[in-house]
Amino acid sequence: MVEYIRKIAASVNKATTNRTPMVKVLAEELDRLDPRDFLPEAQYDFVILRMNIRGYNEDHLHQSGLPSMDHLLDVLDHFAGAGSSARIREFDFVASDDLRRIIERDYRELSLILFPAGAWKSTVVLAGSILEAILVDQLTASSEVKALVKACEKSPKTKRIDKGQWSMYQLINVATEIGVIPKDRASAIDVTLREYRNVIHSDVELKKKYFCTEAEASLAKGALDAVCNYLDAHALHHQPLHVDSDE
C-alpha cells in the first residue's frame, strides 16, 4: 500500500544533489495519507515528518535540513491501510497472555509489512506460524479442553503438543474433531497454509512445484482471518463445556 512511497524515500536518500524536485514528489504522496490510518504511536511522528518534508528546500539558507528517510521508513511500517483508522485485529480469544503478545506482534508484521509489500512467501510462512500458535493455544486453553484433546482418537499419543511436536495437519484434525473450529472451516484452510513449513525449504518447494504467488498469500491470510473471525465468537474455552468424569 505504501511500498511505492518507500521507494521514493529511498531515492531521496540516495540523491546527493538537486533533491528538491524528488522531495516535492515525496511530500505530495505523503499528503495522500491520513495520519489517523497510522498506529497511535506513530501518528505524531508522521505529522511532524510530513510537515518538515513539505517545507524542505535545499537552496533555503534557514531550512533545518531534510528529515531522516530512515525515520520515515520506520514510521511507514506503522501504516495500517487506507481508511483503516489503524484498526489492527485483537486476539482476545487467545488464552495465554505471553502467546497473545507474540501473535499480535507477528500479525502486525504480516498485515502492515509483508502482505502490503508483496512478500508472498514470507506472508504464507508467517500466516501458517500464527495459525499454528493459535491452535496450540486453543487446544491447551483450559483443563476441560485438554481433557477433550486427550480423549480424542485423532490426538497423537506419542507427541507432546506443548513441545511443538504436533504438525499443522494434526492440530487442524484434532481442533476440528473437538469443535475448536467447525468442519467446514477446516476444509477452507488451504494446503497453502497446512504445508507452510514446506515452503521454507527451497528443495521441497521445487520438488512439489509449490510456488508462492499473490494468490497463495491471499488464501493464507484469508484462511487465518477466517479462523480468527470464528474464534472471536465461538472460542471453545469461552463456552460452557461438559467433560465426562471418566475421561
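The values are calculated or read from the model by the stated rules, or taken from the named source; none is laboratory data. Given the structure is predicted, the values throughout are model-derived calculations rather than measurements. Backbone-built Cβ (ideal geometry, glycine too); neighbour counts: all protein chains shown.
Residue count for the range 201-225 under the criterion of being surrounded by 14 or more Cβ atoms within 10 Å (Cβ to Cβ), modelled with pLDDT of 80 or more and in a loop (DSSP other than H, G, I, E, B): the result is 1. Considering only the range 20-36, I want to know if a residue exists there that is touching a strand residue (DSSP E or B) at 6+ places or on another chain (Cβ under 9 Å) and not assigned by TED's automatic domain parsing to the domain that holds Ala133. Yes, because at least one residue in the range 20-36 is touching a strand residue (DSSP E or B) at 6+ places or on another chain (Cβ under 9 Å) and not assigned by TED's automatic domain parsing to the domain that holds Ala133.
Of all residues in the range 97-153, those satisfying the criterion of being among the β-branched types (Val, Ile, Thr), farther than 30 Å from Ala215 by Cβ and assigned to a helix (DSSP H, G or I) are Val145, Val149.
For the range 150-170, a residue qualifies if it is aromatic (Phe, Trp, Tyr) and over 22 Å from Ala95 (Cβ atoms), and exactly one does: Tyr169.
Of everything in the range 61-91 that is of a type in the set (Asp, Glu) and either modelled with pLDDT of 95 or more or assigned to a helix (DSSP H, G or I) (or both), the residue that is surrounded by the fewest Cβ atoms within 10 Å (Cβ to Cβ) is Asp70.
For Ala223, are the conditions met, namely being touching a residue at least 24 places away in the same chain (Cβ under 8 Å), farther than 14 Å from Ile134 by Cα, assigned by TED's automatic domain parsing to the domain that holds Phe115 and not charged (D, E, K, R)? So Ala223 does not fit the description; no.
One residue alone among Asn198, Asn173, Asn229 is more than 23 Å from Phe91 (Cα to Cα) and assigned to a helix (DSSP H, G or I), and that residue is Asn198. None of Arg160, Arg197 is surrounded by 14 or more Cβ atoms within 10 Å (Cβ to Cβ) and basic (Lys, Arg) except Arg197. Please indicate, with yes or no, whether at least one residue in the range 34-49 is buried (at least 16 other Cβ atoms within 10 Å of the Cβ) and acidic (Asp, Glu). Checked the range 34-49: at least one residue is buried (at least 16 other Cβ atoms within 10 Å of the Cβ) and acidic (Asp, Glu).
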